[in-house]
Amino acid sequence: MDRIRIVGGRRLEGTIPISGAKNATLPLMIASLLTKDTLILDNVPRLADVSLLQRILGNHGVDIMVGGKRPGGKLDDGQTLHISAANIVDTTAPYELVSKMRASFWVLAPLLARIGEARVSMPGGCAIGTRPVDLLIMAMQRLGAQIEIDGGYVVARAPRGLKGAEIVFPKVTVGGTHTAIMAATLADGSTLIENAAREPEIADVALCLNKMGARISGAGTRRIVVDGVGKLSGARHAVLPDRIETGTYAMAVAMAGGDVFLQNTRADLLQAALDVLTRTGAAVTPTNQGIRIARNGADLRPVDVTTAPFPEFPTDLQAQLMALMTRARGTSQIVETIFENRFMHVQELARLGARIQLHGERATIEGVERLTGAPVMATDLRASVSLVIAALAAEGETLVNRVYHLDRGFERLEEKLGRCGAAIERLSG
């Protein structure tokens with residue numbers, strides 16, 4: 001099993017290219033099930049989750065061709081996927097595949113909308129909380145689907161097609177919003193989605209669906225209207241930049257010190273996080289080509305933050321910020337309101353010398369003068385990269401185990417940091 005070895009104390013200087021967003025890529029790939037025509041996605045990141053979803057879609061009969069390297073292309077350029085769901089051969093998504101990636105449950109919506117039936121395994125447990133699918137099921141029922149739970153599978157049928165309806169989510173749900181939009185594109189009539197998630201990835205998926213012939217308005221706001229159409233066609237779409245990767249590397253630079261340009265990303269995708277980073281004392285300079293992050297000698301200032309749905313501070317950057325605050329001059333507080341069990345990185349950060357107290361959903365971080373390298377273990381995707389951030393400033397060597405978590409959401413992390421001067425390497429076996 002691979003590990004990552006980091007020797008702390010190196011400043012970061014240079015340029016880090018930001019990959020396409022994982023959280024847009026996955027629903028965009030799933031949306032290919034809505035049409036017989038080929039969907040071409042550019043700027044697709046090379047991630048374990050993307051490869052796994054290719055296998056899951058292949059189980060339904062989807063053909064995916066990964067475009068070859070273009071003339072003059074670089075490894076920093078994202079992949080191009082040509083996705084063809086011309087022939088759906090199986091409407092069942094089995095447990096052994098769905099259990100490996102929760103987002104694959106979302107195939108329920110396009111299969112139901114296009115084929116009129118789907119049998120999808122319940123996702124099962126998750127390291128950062130239960131993350132139930134009840135709101136996704138509710139949305140399908142509102143559109144007229146008949147739903148049964150049979151042997152751990154959600155069996156959905158709409159033999160006469162889905163019907164436009166009003167869907168009011170009792171709480172903001174990204175998965176529920178994605179699936180409601182997908183299903184509504186082929187429903188008969190108009191669908192109104194209230195209290196919709198506002199994440200940029202929602203708007204990106206809606207933009208792609210509109211290129212395919214859908215009629216969606218309001219994506220990126222709390223109120224989305226979808227006027228159903230008879231069929232969707234193929235299209236070509238470039239995935240938007242990954243705001244979580246952007247914020248992660250921004251915090252890594254603030255932690256290690258230095259001056260790094262984050263290329264091919266946009267400040268509007270994570271303004272709340274950049275505002276927090278500025279409060280810590282880092283210099284944040286957006287440009288038309290990306291964002292420059294610098295911290296040259298100044299102490300880190302403590303901040304208090306509460307996670308919340310977009311456009312507020314994202315839960316997917318909570319662990320990274322916590323790592324940063326372990327070196328702040330003073331005491332910080334982070335309140336996690338989105339997922340239970342999302343403080344699993346605390347004990348591993350403590351192995352490096354961090355002082356963190358937990359009180360329910362609140363973490364109190366007392367900044368320390370120094371962190372010391374040690375063997376640590378990743379528990380989930382975002383927690384694992386928080387350990388990398390802490391290791392960049394720790395004295396001596398840190399070994400991060402279970403890095404397969406990192407590979408799910410960060411493309412060539414050790415290479416990107418290494419180019420900027422970090423002493424970081426992957427150890428195989």
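The values are calculated or read from the model by the stated rules, or taken from the named source; none is laboratory data. Predicted, not measured: the structure shown is a model, and the values here were computed from it. As a convention, Cβ positions derive from the backbone with ideal geometry for all residues, glycine included, and neighbour counts pool all protein chains shown.
What number goes with the only condition from (1) in contact (Cβ under 8 Å) with a residue 60 or more places away in the chain; (2) touching an Asp or Glu at 6+ places or on another chain (Cβ under 6 Å); (3) among the small types (Gly, Ala, Ser) that Ala294 does not pass?
(1)
In region 1-59, what residues are of a type in the set (Asp, Glu) and modelled with pLDDT under 95?
Asp2, Asp49
Among the numbered conditions (1) without any contact (Cβ under 8 Å) to a residue 24 or more places away in the chain; (2) in a strand (DSSP E or B), tell me where Ser51 comes up short.
(2)
Going by what's in this entry, would Gly373 be described as under 19 Å from Ala354 (Cβ atoms), over 24 Å from the mean Cα position of the chain (by Cα), buried (at least 17 other Cβ atoms within 10 Å of the Cβ) and not hydrophobic (A, V, I, L, M, F, W, C)? Let's see the steps before the verdict.
Working: under 19 Å from Ala354 (Cβ atoms): yes; over 24 Å from the mean Cα position of the chain (by Cα): yes; buried (at least 17 other Cβ atoms within 10 Å of the Cβ): yes; not hydrophobic (A, V, I, L, M, F, W, C): yes.
Criteria met by Gly373.
Out of Ala283, Ala272, Ala267, Ala252, I need the residue that is surrounded by fewer than 21 Cβ atoms within 10 Å (Cβ to Cβ), of a type in the set (A, V, I, L, M) and under 30 Å from Glu395 (Cβ atoms). Which one? Steps first, answer last, please.
On the way: Ala272 fails: under 30 Å from Glu395 (Cβ atoms); Ala267 fails: under 30 Å from Glu395 (Cβ atoms); Ala252 fails: surrounded by fewer than 21 Cβ atoms within 10 Å (Cβ to Cβ).
Exactly one residue qualifies, and that residue is Ala283.
Residue check, Ala328 against (1) under 22 Å from the mean Cα position of the chain (by Cα); (2) in a loop (DSSP other than H, G, I, E, B); (3) aliphatic (A, V, I, L, M), all met but one. Which one?
(1)
With region 154-244 as the region, which strands (runs of 3 or more DSSP E) entirely inside it contain at least 3 residues that are in contact (Cβ under 8 Å) with a residue 60 or more places away in the chain?
Where strands (runs of 3 or more DSSP E) fall fully within region 154-244 and carry at least 3 residues being in contact (Cβ under 8 Å) with a residue 60 or more places away in the chain, they are 235-238.
Can you work out which of the residues in region 307-351 that are more than 21 Å from Arg243 (Cα to Cα) and of a type in the set (Val, Ile, Thr) is modelled with the lowest pLDDT?
So the residue we want is Val346.
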